[in-house]
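The values are calculated or read from the model by the stated rules, or taken from the named source; none is laboratory data. This one's a predicted model, so the numbers in the text were calculated from it and none came from an experiment. Cβ placement follows ideal geometry from the backbone for every residue including glycine, while neighbour counts extend to all protein chains displayed. To get the accessible areas, we keep the full protein, side chains included, count just its heavy atoms, and leave off ligands, DNA and RNA. Shrake-Rupley method; radii C 1.70, N 1.55, O 1.52, S 1.80 Å.
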Amino acid sequence: MNEPVVLVVGAGLAGFSAAAEIAGAGLRVLVVEQAAAPGGAIHRQPLPGIAYPVASAVHRRRWTQVTASVRAQGDRIEIRYGCRFAGLDHEGTALLTGARNALVRPRALVIATGAAERVRPRPGWTLPNVMTAGALQIRTKTLGKAPDGRILLGGSGPLLLAAGAELVKGGNPPVAIIEAGRPFRHVIGSLGLPLPYLREAAGYMATLLRARVPVLTGTEIVRIEKRSGALTLHVESSSGGRTFDGDLIGLHDGIRASDHYAAASSIPVMRAGDCREALGARAALADGRAAGAALVAELTGTVPASAKDSSRIERERRAQRRLARIFGHDGSARLAALPADTVICRCENRTVGDLRALGPVPTDRDLRLHGRFAMGACQGRFCTEWVRALTDPSHAGSPLGAVRLPAHPIAIADLLDAGGIADNPSTGE
Amino acid sequence: MSGRIYWNGTPVPFLPGENAASALLRAGIAGFGRTPTGLPGGVFCAIGQCQGCLVMADGRLTEACLLECREGMRLSPRGGMNE
Ligand SMILES: Cc1cc2nc3c(=O)[nH]c(=O)nc-3n(C[C@H](O)[C@H](O)[C@H](O)COP(=O)(O)OP(=O)(O)OC[C@H]3O[C@@H](n4cnc5c(N)ncnc54)[C@H](O)[C@@H]3O)c2cc1C
């Protein structure tokens with residue numbers, strides 16, 4: 001039982017569907033998940049003993065099926081929670097920290113680490129109780145109940161509507177949803193969306209309407225202020241400005257693939273789900289399966305029956321593009337007009353003014369060495385996009401500097417504790 | 001296991017399986033001290049990507065959103081430890 005395992009990082013839709021596929025071909029799999037429970041970004045489960053009024057029946061059914069497919073593989077799949085993958089070196093050694101620190105030599109690696117939310121910098125976005133809309137979703141899902149206090153949601157994208165509807169179901173409807181785009185103007189365009197998308201959107205809208213949650217479209221968040229213990233949100237639309245008071249603000253401007261583990265290595269490495277391309281839940285499931293099947297083909301030479309279903313992924317890609325058009329708006333003027341003291345890099349407290357001080361066309365080296373952008377603890381996950389947009393939009397998608405391992409700060413004690421390199425992380429041999 | 005963790009010595013109740021970020025927020029604690037450069041620390045992404053919710057937990061720097069509560073666990077603001 002000491003043959004090396006296939007290491008799968010992430011116990012979300014993509015990771016679990018890849019794990020089931022790989023184990024289904026008779027290979028042993030170790031799934032590591034940094035959170036204490038599976039589910040990933042969308043299928044966050046309620047804490048033990050808490051009822052789950054928030055997820056829709058469709059979502060619940062999907063998650064039940066995925067977990068059943070993992071369980072069906074018995075002990076061919078081992079799952080370790082509270083365990084984090086910090087990176088893979090060129091020789092194929094992976095560092096795991098948390099639940100049990102270890103250096104392991106897997107036979108192959110599947111990275112299924114999901115997406116991160118995009119949040120455009122705005123004055124006040126670093127205040128306590130200002131977080132991502134996804135963070136509010138996660139709190140609502142795990143506690144089976146919305147957070148207390150007056151909640152405001154703002155930014156842009158369909159996730160705001162989903163989050164708003166979940167807050168309603170969790171017993172605390174948001175005060176308002178501020179959407180920069182004008183999605184409801186695109187009735188014809190919306191009809192081109194696949195039926196499940198339309199059904200999901202209609203469900204969220206019905207829930208929001210019933211709870212009389214105002215959805216302000218074509219409206220931008222200009223700044224957030226802290227006033228006598230509460231937060232004040234300043235918004236602007238073509239009809240002028242207004243303010244909302246709240247206790248908790250959820251910001252969101254879309255999602256983006258989160259892959260900070262890139263490394264050329266001697267073992268096969270696959271990426272699956274939102275970390276490869278942020279295409280949402282349906283695609284993540286199909287993508288995990290496809291990555292698993294491709295890996296099995298590479299390792300064993302036999303192509304599983306469920307080999308790449310690229311039509312599915314293509315369909316989801318088209319749908320996501322359409323959604324992006326429906327919610328589309330030009331935020332570049334807002335970004336360019338940000339006051340100089342607006343923080344862009346949250347880790348190192350670097351501002352728009354600091355960025356401008358680097359001159360009109362700073363090189364990546366200037367940006368990093370002198371500006372300290374993308375040099376903080378999150379390695380630029382949250383600032384790179386905006387630094388690029390403000391300095392060189394033609395390089396919008398490109399990272400600021402190479403990926404550095406470990407992919408997140410780790411304690412030296414953990415590194416020392418990891419000890420020697422094991423082929424089989426279960427036995428340590 | 002449910003029970004109590006301590007934030008700067010103050011008891012904070014937690015639910016079985018709850019992470020420290022969630023327990024602190026439920027107790028009305030949203031500011032987790034300051035980052036080394038002076039910004040307020042606290043929960044931002046809640047999925048282990050932003051490093052915003054770093055706290056000292058039993059003597060080591062950890063993201064509160066990924067830290068499962070254990071009875072008696074002692075947390076405090078990070079206080080410039082990671083400079
Ligand atoms: C906050 C948030 C909320 C979202 N809400 C919705 C929604 O309501 N509806 C919707 O359709 N889509 C939503 N999405 C989009 C969603 O990401 C996808 O639909 C779907 O979850 C993608 O599945 P996945 O398996 O690729 O990633 P995920 O489900 O995100 O799973 C990735 C898993 O990897 C783990 N992980 C990450 N890094 C490491 C590491 N280094 N070591 C170990 N484990 C790691 C994470 O903890 C996570 O459990 C949301 C996205 C985000 C970021």
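Can you tell me which residue in the range B:64-75 is nearest to the other protein chains (Cβ to nearest Cβ), limited to those that are open to solvent by 20 Å² or more (accessible area, probe 1.4 Å) and in a strand (DSSP E or B)?
Among residues in the range B:64-75 that are open to solvent by 20 Å² or more (accessible area, probe 1.4 Å) and in a strand (DSSP E or B), the one nearest to the other protein chains (Cβ to nearest Cβ) is B:Glu68.
Filter the range A:23-37 down to the residues that are crowded, with 24+ Cβ neighbours inside 10 Å, closer than 8 Å to A:Gly82 by Cα and more than 9 Å from the ligand (Cβ to nearest atom) and list them by number.
None - no residue of the range A:23-37 is crowded, with 24+ Cβ neighbours inside 10 Å, closer than 8 Å to A:Gly82 by Cα and more than 9 Å from the ligand (Cβ to nearest atom), so the list stays empty.
I'd like to check something: does the range A:56-63 contain any residue that is surrounded by fewer than 20 Cβ atoms within 10 Å (Cβ to Cβ), over 23 Å from A:Gly254 (Cα atoms) and hydrophobic (A, V, I, L, M, F, W, C)?
Taking every residue of the range A:56-63 in turn, at least one turns out to be surrounded by fewer than 20 Cβ atoms within 10 Å (Cβ to Cβ), over 23 Å from A:Gly254 (Cα atoms) and hydrophobic (A, V, I, L, M, F, W, C).
Give me the pairs, please: first residue somewhere in the range A:348-366 and within 14 Å of chain B (Cβ to nearest Cβ), second residue anywhere and surrounded by fewer than 13 Cβ atoms within 10 Å (Cβ to Cβ) and of a type in the set (Asp, Glu), beta-carbon distance under 7 Å, and either six or more positions apart or on two chains.
A:Thr351/A:Asp341
A:Thr391 - would you say it is open to solvent by 30 Å² or more (accessible area, probe 1.4 Å), more than 13 Å from chain B (Cβ to nearest Cβ) and at pLDDT 90 or above? Please lay out each step first, then the result.
On the way: open to solvent by 30 Å² or more (accessible area, probe 1.4 Å): no; more than 13 Å from chain B (Cβ to nearest Cβ): yes; at pLDDT 90 or above: yes.
So A:Thr391 does not fit the description; no.
Residue check, A:Asp253 against (1) surrounded by fewer than 17 Cβ atoms within 10 Å (Cβ to Cβ); (2) within 16 Å of the ligand (Cβ to nearest atom); (3) at pLDDT 95 or above; (4) charged (D, E, K, R), all met but one. Which one?
That leaves (1) as the condition not met.
Quick one: in the range A:159-185, which of the residues that are more than 22 Å from the chain's Cα centre (by Cα) and hydrophobic (A, V, I, L, M, F, W, C) is surrounded by the fewest Cβ atoms within 10 Å (Cβ to Cβ)?
A:Phe184
For a quick check of your reading of the model, give me the residue pairs whose first member lies in the range A:177-193 and is of a type in the set (D, E, K, R), whose second is part of a helix (DSSP H, G or I), with beta-carbon atoms closer than 8 Å and at least 6 apart or on different chains.
As it stands, the answer is A:Glu179/A:Leu160, since those pairs meet every condition given.
Run down A:Gly40, A:Gly49, A:Gly15 and say which single residue is without any contact (Cβ under 8 Å) to a residue 40 or more places away in the chain and either near the ligand (Cβ under 7 Å from one of its atoms) or not assigned by TED's automatic domain parsing to the domain that holds A:Thr207 (or both).
When all the criteria are applied, what remains is A:Gly49.
From the residues in the range A:331-347 that are free of Cβ contacts under 8 Å to residues at least 60 places away in the same chain and over 24 Å from the mean Cα position of the chain (by Cα), which one is farthest from A:His252 (Cα to Cα)?
So the first thing to find is which residues in the range A:331-347 are free of Cβ contacts under 8 Å to residues at least 60 places away in the same chain, and the list is A:333, A:336-337, A:340, A:345, A:347.
Of the ones still in play, those that are also over 24 Å from the mean Cα position of the chain (by Cα) are A:333, A:336-337, A:340.
Numbers: A:Ala333: 18, A:Ala336: 19, A:Ala337: 19, A:Ala340: 22 Å.
Top of the filtered list is A:Ala340.
Kindly indicate the residue of the range A:160-182 that is closer than 18 Å to A:Leu233 by Cβ and within 14 Å of chain B (Cβ to nearest Cβ) and also farthest from the ligand (Cβ to nearest atom) among those meeting that condition.
A:Asn172
For residues in the range B:38-63 being more than 7 Å from chain A (Cβ to nearest Cβ), at pLDDT 90 or above and part of a loop (DSSP other than H, G, I, E, B), which is nearest to A:Lys141 (Cα to Cα)?
My answer is B:Cys53.
Just the residues that are over 24 Å from A:Gly254 (Cα atoms) and surrounded by 17 or more Cβ atoms within 10 Å (Cβ to Cβ), please, taken from the range A:294-330.
Within the range A:294-330, A:Ala294, A:Leu295, A:Val296, A:Pro304, A:Lys308 qualify.
Just to check your reading of the model, which residue among A:Thr342, A:Thr384 is within 14 Å of chain B (Cβ to nearest Cβ), touching a helix residue (DSSP H, G or I) at 6+ places or on another chain (Cβ under 6 Å) and β-branched (Val, Ile, Thr)?
Exactly one residue qualifies, and that residue is A:Thr342.
Name the residues in the range A:100-119 that are aliphatic (A, V, I, L, M) and more than 10 Å from the ligand (Cβ to nearest atom), would you?
A:Ala102, A:Leu103, A:Val104, A:Ala108, A:Leu109, A:Val110, A:Val119
Can you tell me which residue within the range A:120-140, out of those that are of a type in the set (Ser, Thr, Tyr) and touching a strand residue (DSSP E or B) at 6+ places or on another chain (Cβ under 8 Å), is farthest from the ligand (Cβ to nearest atom)?
Only one residue fits best here, namely A:Thr126.
How many residues does the range A:23-60 contain that are outside any loop (DSSP other than H, G, I, E, B), farther than 28 Å from A:Leu103 by Cα and under 18 Å from the mean Cα position of the chain (by Cα)?
So the answer is 1.
What residue, among those in the range A:262-282 that are open to solvent by 40 Å² or more (accessible area, probe 1.4 Å) and either closer than 22 Å to A:Gln320 by Cα or in contact with a Leu (Cβ under 7 Å, 6 or more places away or on another chain) (or both), is farthest from the ligand (Cβ to nearest atom)?
So the residue we want is A:Val269.
Exactly one of (1) of a type outside the set (Val, Ile, Thr); (2) within 11 Å of chain A (Cβ to nearest Cβ); (3) touching a residue at least 12 places away in the same chain (Cβ under 8 Å) is unmet by B:Gly79. Its number?
(2) is the only condition that B:Gly79 fails.
When the range A:123-139 is examined, which residues are found to be under 17 Å from the mean Cα position of the chain (by Cα) and of a type in the set (Ser, Thr, Tyr)?
A:Thr132
Kindly indicate whether any position in the range A:110-123 is within 11 Å of another protein chain (Cβ to nearest Cβ) and open to solvent by less than 10 Å² (accessible area, probe 1.4 Å).
Yes.
State all residues of the range A:394-408 that are more than 16 Å from the ligand (Cβ to nearest atom), open to solvent by 50 Å² or more (accessible area, probe 1.4 Å) and part of a loop (DSSP other than H, G, I, E, B); if no residue qualifies, say none.
Within the range A:394-408, A:Ala396, A:Gly397, A:Pro399, A:Ala402 qualify.
Could you list, in sequence order, all residues of the range B:36-51 that are touching a residue at least 12 places away in the same chain (Cβ under 8 Å) and in contact with a Gly (Cβ under 6 Å, 6 or more places away or on another chain)?
Passing the criteria: B:Pro36, B:Gly41, B:Gly42.
Considering only residues that are hydrophobic (A, V, I, L, M, F, W, C) and farther than 28 Å from A:Ala407 by Cα, which ones fall in the range A:64-97?
Residues satisfying the conditions are A:Ala68, A:Ala72.
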